[in-house]
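Worksheet: one structure, shown below.
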Protein chains: 2
Amino acid sequence: MRWDEIDSQVCSVARTLSLIGDRWTMLILRDCFLGVTRFSDFQKSLGITKHRLSDRLTKLVDSEIIKKQVYDTSHNRYEYKLTKKGVELYPVLMSLVSWGDKWTVDNDGTPLEYIHSSCGNKIKAGTLCEHCDDPVSAFTVTPILGPGILKKINRGELVDFDNQSIYKSIK
Amino acid sequence: MRWDEIDSQVCSVARTLSLIGDRWTMLILRDCFLGVTRFSDFQKSLGITKHRLSDRLTKLVDSEIIKKQVYDTSHNRYEYKLTKKGVELYPVLMSLVSWGDKWTVDNDGTPLEYIHSSCGNKIKAGTLCEHCDDPVSAFTVTPILGPGILKKINRGELVDFDNQSIYKSIK
DNA sequence: ATTTAAGGTTCCATAATGGAACCATGAAAG
DNA sequence: CTTTCATGGTTCCATTATGGAACCTTAAAT
C-alpha cells in the first residue's frame, strides 16, 4: 500500500495522518498556533524549502485546516490562518509537546512553557475522561468495534477484516 | 534544512516528530496499542512493505519507544512491545483519534469506540489542565519562553533566534 | 525430501525532498 | 526613472525515501 492510500483504512488515526502525518505539516501547524501567518515567516522559522512549504500550505488549505487570506490587496500578500477545524488540532500539538518535554528535554529544561489563562498556572495538560474526570491511559481504555466498521462488515465490505488485535488491546 | 536535522530545533514538537513523525511510525504505534506484537501481524494490518516495516521497527527500538523480545527461542521469533516511554504516547494517539472521529468520519460513524474502564462509558477524551480542570484550548493558553531556550540565549547560543511569534500566539 | 511459517534482506524503478536559481509584482531608494 | 528590495512564489535537477517483487534462513511439519 502506498502512503497516499492510507486514508482508505477505516481508522481515524490513518485518516487523520493522511492529512497531517507527513513531513513538516505538524511543524507548520505548530507555527500557526504560535501566531505565524506569513509565507516568509514560516520559511524562516522552519528552515523548509520554499516549494515544499508552498506544497504543504496548499494541501492544508485544500483540507480546510488553514485558510489563505489576502492581507494587502495592492501587493497580493497573503496570510495563512487556522480554521476551526485546524484550531481543534491543538490537543494533538499539546500531547506532542507534553511527551517531548518529558522524553526529549535537554539539561537546560523545557523550550517553552504554557500558561493557562483560566488559572494562571503552567499547564499540566492531561487527557481526561469527561465522564469521570479520571486520566485516560492505554491501560484504562478498551477499544471496541464501532458503527463505522460494523456497518461495513454487515454490508459485506471489509471481508478480510481481522479484528483479533482489537480484542487483545494492550496488556 | 533536511528532515533528519529537525531534532536540532529547540522545540519539543520538532524533537518528538523526529522520532515518530515520519510515514507509518504512528500507525505502527496504533497497532502496538491495539495489541499487535509480531512482524507479520504489523505487515498484514498496515499493508506496509517488509523492509520499510523493518526499518521503522528498528528505529523505534533504537529510540526506546518499543522493545524487541524473543518469544520463541528455538525459532528466533520476536515480539515488539511498547516501553513506558512508548505507552506514554497514548495521549498523542487519542488526540489523533478524537480529531479524526470528528472531522474525517463517514456516514457509518466512528470506526472504533473506546470504553473507559474507570467509569464504563465511551471515552470522551479532553485535554484538561490539572490545576483547574478546565479544558485546554489554543485560546486559553499562552506560550512563554522556558529555560531550555532562555539559558541558551544567555550563553550566546541561538543568536539569530526570533521570538516575535511566540508573543503573538493565536488571536 | 519438500513445504510452510516467521522474520527478515536485496534489487531496482518510482516518488518525495532539498538546494539553488529564477520569476513577478509593487514600493522604496538613489 | 532606473535600480534595488521584499514578498511569495515556480522551475530544474541531484539526492533520498519508498514500494513491489524476489530471494534468503532457520526450524518445524507433511
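The values are calculated or read from the model by the stated rules, or taken from the named source; none is laboratory data. This structure is a prediction, so every number in the text was calculated from the model and none was measured. For neighbour counting, all protein chains shown are included, and Cβ atoms are generated from backbone atoms with ideal geometry for every residue, glycine included. Note: accessible area is taken over every heavy atom of the protein model, side chains too, but ligands, DNA and RNA are not part of it. Shrake-Rupley method; radii C 1.70, N 1.55, O 1.52, S 1.80 Å.
Being assigned to a helix (DSSP H, G or I) and within 13 Å of DNA strand D (Cβ to nearest atom) is the filter; apply it to segment B:18-41 and report the residue that is nearest to B:Pro147 (Cα to Cα).
Within segment B:18-41, the first condition is being assigned to a helix (DSSP H, G or I), and the residues that meet it are B:18-20, B:25-34, B:39-41.
In the following step, the residues that additionally are within 13 Å of DNA strand D (Cβ to nearest atom) were identified as B:18, B:20, B:25-28, B:39-40.
Details: B:Ser18: 21, B:Ile20: 25, B:Thr25: 30, B:Met26: 29, B:Leu27: 33, B:Ile28: 34, B:Phe39: 41, B:Ser40: 44 Å.
Ranking the candidates gives B:Ser18 first.
Within segment B:1-28, residues that are within 7 Å of chain A (Cβ to nearest Cβ) have Cβ atoms under 7 Å from residues that are open to solvent by 10 Å² or more (accessible area, probe 1.4 Å) and of a type in the set (Asp, Glu) in these pairs: B:Ser12/A:Asp101; B:Ala14/B:Asp7; B:Arg15/B:Asp7; B:Arg23/A:Asp22, counting only partners at least 6 apart in sequence or on another chain. Scanning segment A:21-33 for residues that are at pLDDT below 95 and open to solvent by less than 60 Å² (accessible area, probe 1.4 Å) yields a count of 1. Across segment B:152-171, the qualifying residues are those that are in a loop (DSSP other than H, G, I, E, B) and touching a residue at least 24 places away in the same chain (Cβ under 8 Å), and the one among them that is most open to solvent (accessible area, probe 1.4 Å) is B:Leu158.
Residue check: is A:Arg15 over 25 Å from B:Ile170 (Cα atoms), open to solvent by 10 Å² or more (accessible area, probe 1.4 Å) and in a helix (DSSP H, G or I)? Walk me through it before giving the result.
Details: over 25 Å from B:Ile170 (Cα atoms): yes; open to solvent by 10 Å² or more (accessible area, probe 1.4 Å): yes; in a helix (DSSP H, G or I): yes.
Considered against the rule, which asks whether it is over 25 Å from B:Ile170 (Cα atoms), open to solvent by 10 Å² or more (accessible area, probe 1.4 Å) and in a helix (DSSP H, G or I), A:Arg15 comes out as yes.
Taking every residue in segment B:74-88 that is over 13 Å from B:Val61 (Cα atoms) and pairing it with any residue that is open to solvent by 60 Å² or more (accessible area, probe 1.4 Å) and away from DNA strand D (no atom under 16 Å from the Cβ), at least 6 positions away or on another chain, the pairs with Cβ-Cβ distances below 9 Å are B:Val87/A:Phe139; B:Glu88/A:Lys102; B:Glu88/A:Trp103.
Going by what's in this entry, would A:Lys85 be described as within 7 Å of chain B (Cβ to nearest Cβ) and within 25 Å of B:His116 (Cα to Cα)?
Values: within 7 Å of chain B (Cβ to nearest Cβ): yes; within 25 Å of B:His116 (Cα to Cα): no.
In short, no.
Residue-by-condition table, conditions (1) more than 19 Å from A:Trp103 (Cβ to Cβ); (2) within 16 Å of DNA strand C (Cβ to nearest atom); (3) of a type in the set (Asp, Glu):
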{"site": "B:Arg52", "(1), (2), (3)": "yes, yes, no"}
{"site": "B:Glu64", "(1), (2), (3)": "no, no, yes"}
{"site": "B:Val92", "(1), (2), (3)": "no, no, no"}
{"site": "B:Gly109", "(1), (2), (3)": "yes, no, no"}
{"site": "B:Gly126", "(1), (2), (3)": "yes, no, no"}
{"site": "B:His131", "(1), (2), (3)": "yes, no, no"}
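With respect to B:Ile149, is the statement that it is crowded, with 16+ Cβ neighbours inside 10 Å and assigned to a helix (DSSP H, G or I) true? Taking the combined requirement at face value, the residue satisfies it. As for segment A:58-80, it holds at least one residue that is in a helix (DSSP H, G or I) and crowded, with 19+ Cβ neighbours inside 10 Å.
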